[in-house]
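This report refers to the structure that appears directly beneath it.
Read the figures in this text as sums done on the coordinates, not as results from a lab. Since the model is a prediction, treat every value here as computed from it, not as a measurement.
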Amino acid sequence: MSMWWSLHLRREAASVPLARRFLLGTMETAGVDPDISYDLSVALSEACANAVEHGGGLRDVGEAGHAGDGQSGQACGQYRVTAYLDGEKCRIEVADSGPGFPSRRTLRTAAQPFAGQPADQQPPASRPSQARRTGHPPATAESGRGLCLIEELSDHVHFGNGPGRGAVVSFDKILKWREGALLMVS
């Protein structure tokens, strides 16, 4: 059995826990292992927080730096979250209508070294996933760790730009099921 849902949310901080709770409720009802659900919910929260913070254009911000200059409600004031539970995998996509990722952003595959070390010499928590930026921000940084968290908590990640404009973050994870789960794969 498979299922999917999509939410169109305003770029407001209150939308982040709403999306997270929606995902956790879906996973609990379906019978997904709580540890997997938690990992996916943290990754979703990070992707949503990035869409809220970076996912709009200049016309989306008023003179005082607040949304609502009379033009809000347009596409740049929203973002979309879509989740697919299909067979053994959950795929989540968060798309906004902001400027997107810089064109020179460097992504690596898991086979490429991280921070100058061969992959087999890195600690397990810092080994690269399918796509990784060139480095982690310092542990004391106040921002910039969200994409790294998404990479660490997911089995596969793709950072890209949507057609025309906007960032798209998609990530997936192999599911584990609780015993007697409603959607358990046979």
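Figures for the structure shown
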quantity: Linear extension gain, Trp4 paired with His54, 0.36 nm per residue minus alpha-carbon span; calculated: 15.4 nm
quantity: Region 86-103 - phi-based ³J(HN,Hα) in whole Hz, Karplus 6.51/-1.76/1.60, Gly and Pro as x; calculated: 9, x, 9, 10, 10, 10, 10, 10, 10, 10, 10, 10, x, x, x, 7, x, 5
